[in-house]
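Colleague: The structure's right below; bear with me while I get my questions together.
Readers should treat all values here as calculations from the given coordinates under stated rules, not as data from a laboratory. Values in this document were obtained by computation on a predicted structure and should not be read as measured data. Counting neighbours? That spans all protein chains shown, and the Cβs are built from the backbone with ideal geometry, glycine included.
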Amino acid sequence: QGQALAPALVRHSGGNPLFLLETLKQGLADGSLARGELPRPASVGALIEQRLQRLSAQALALARVAAIASVDFSIELAEAATGERAVALASAWDELQQAQVLRDEAFAHDLVRDAVLRSVPAPVARRLHADVAAFLQQHGGEAARLAAHWEAAGLWSEARQALLAAAAAARAIGRFREQAALYERAARACERAGDPAARFEMLLERVQALTMGDEGDEALAAAAALEAEATSDQQRLHAIACQVN
């Protein structure tokens with residue numbers, strides 16, 4: 001039956017190797033291939049979602065933690081986020097491996113992670129991002145990734161602090177364009193936090209980073225925009241000083 005279905009499988013997949021792989025997994029799981037039939041979901045995403053629906057509640061919860069944590073996922077982080085010891089997560093972990101959702105501590109492929117992410121309600125996702133950020137902060141995680149989790153959690157004060165640390169790290173190795181982008185994100189965090197004065201300061205720092213990176217035209221345009229946005233004489237003077245520099 002497998003040999004007879006092979007040409008149909010290739011046609012069904014449209015030559016997409018991921019679609020072919022997921023079709024095979026789905027057909028083996030639901031028994032349709034054994035019956036000489038092909039599963040007929042509309043897309044690769046639908047195939048993956050069907051597999052996710054067969055997971056136990058604990059396995060799906062663990063997969064959601066892994067999807068939110070992304071490259072920062074580990075068994076230690078899973079313990080912190082779920083409140084369970086590793087031994088209590090063993091069955092769920094094995095289930096995710098058997099279902100080919102995870103391979104060790106990473107997803108089988110990005111499409112699986114994307115499907116899991118779509119299954120996480122927004123309020124739950126924000127809380128998980130906060131949990132991941134708190135874990136990374138406690139364990140010396142990279143500032144840029146820490147900042148991304150605080151931003152996704154909507155915790156703007158924490159995000160600003162992490163972005164400033166990441167900007168300092170970028171400056172230390174001469175990555176001024178990256179530093180400028182981090183200050184721009186810090187300015188957005190200040191805006192979300194309702195702190196316009198701090199936002200202005202972050203945008204000033206962005207101009208200085210652009211200047212250090214020889215991005216003259218962009219730096220000049222940004223400084224001119226800041227002068228237009230200034231709401232006090234002091235802010236106006238800082239913006240003019242940036243233009244002079």
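Colleague: What list of ³J(HN,Hα) values in whole Hz, one per residue of the stretch 226-243 in order, does the Karplus curve 6.51 cos²θ - 1.76 cosθ + 1.60 (θ = phi - 60°) give from phi, with Gly and Pro shown as x?
Modeller: 5, 4, 5, 8, 4, 10, 8, 4, 4, 5, 4, 4, 5, 5, 5, 4, 4, 5
Colleague: What are the ³J(HN,Hα) values, in whole Hz, obtained from phi via the Karplus relation 6.51 cos²θ - 1.76 cosθ + 1.60 with θ = phi - 60°, for each residue of the stretch 109-122 in sequence order, with x given for Gly and Pro?
Modeller: 7, 4, 5, 5, 4, 4, 5, 5, 4, 5, 8, 8, x, 4
Colleague: Run the numbers on the stretch 106-245 and let me know its relative contact order in percent, using alpha-carbon pairs under 8 Å that are six or more apart. Present the calculation step by step, with values, prior to reporting the outcome.
Modeller: On the way: 154 pairs, mean separation 19.6, N = 140.
The normalised contact order for the stretch 106-245 reaches 14 percent.
Colleague: Still on this model: If you take every residue apart from L182 with its C-beta less than 13 Å away from the C-beta of L182, what net charge results, scoring Lys and Arg +1 and Asp and Glu -1?
Modeller: On the way: positive: R145, R160, R171, R175, R177, R185, R188, R206; negative: E142, E151, E178, E184, E205.
Net charge in that neighbourhood comes out at +3.
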